[in-house]
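Chemist: What follows is a structure written as structure tokens; I'll ask about it next.
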Amino acid sequence: MHFIMCAFSSTAAWSSYFCCVLQTKKESDPSVVLGIFHQGLRIHHVTKDGTHLLDFEFPWAKVGRLYFAVNIFSVVGVCCLQPS
């Protein structure tokens, strides 16, 4: 939750926060960067030369739930939520 609060704070540069993510336990260097910003989530992949390329962009209106566990972070889309 800390990085979500940082993304919305007025002191954050460009009102965004980036977090390096490992896709598997066997990775030594992060290959995915999760960007949290005022309009939603952005997922970038990291190339071998270190540049970040945008793969996906999820506006907050399309994000149904963010799930945090010990070593797991999941994003569930609005279309995937079951009606209660």
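Chemist: Quick check for you: which residues of segment 36-72 have the amide N under 17 Å from the point 7 Å beyond the Cα of K25 toward its beta carbon?
Modeler: Within reach of a label on K25, which here means backbone N under 17 Å from a point 7 Å along Cα→Cβ, segment 36-72 contributes 69-72.
Chemist: I'd like the trypsin sites (Lys or Arg not before Pro) in segment 25-71 restricted to DSSP loop residues with at most 15 other Cβ atoms within 10 Å, sorted by number.
Modeler: Taking segment 25-71 and a limit of 15 other Cβ atoms within 10 Å, the loop trypsin sites (Lys or Arg not before Pro) found are K25, K26, K48.
Chemist: Could you tell me the calculated FRET efficiency between T47 and N71, based on Cβ-Cβ distance and R0 = 25 angstrom, to the nearest 0.05?
Modeler: On the way: r = 25 Å, r/R0 = 0.99.
E(calc), rounded to 0.05, equals 0.50.
The numbers here are math on the coordinates, done by the rules we state, and not lab data. Here the structure is a predicted model, which means the values were calculated and not measured. Every residue, glycine among them, receives a Cβ derived from its backbone with ideal geometry; neighbour counts consider all protein chains shown.
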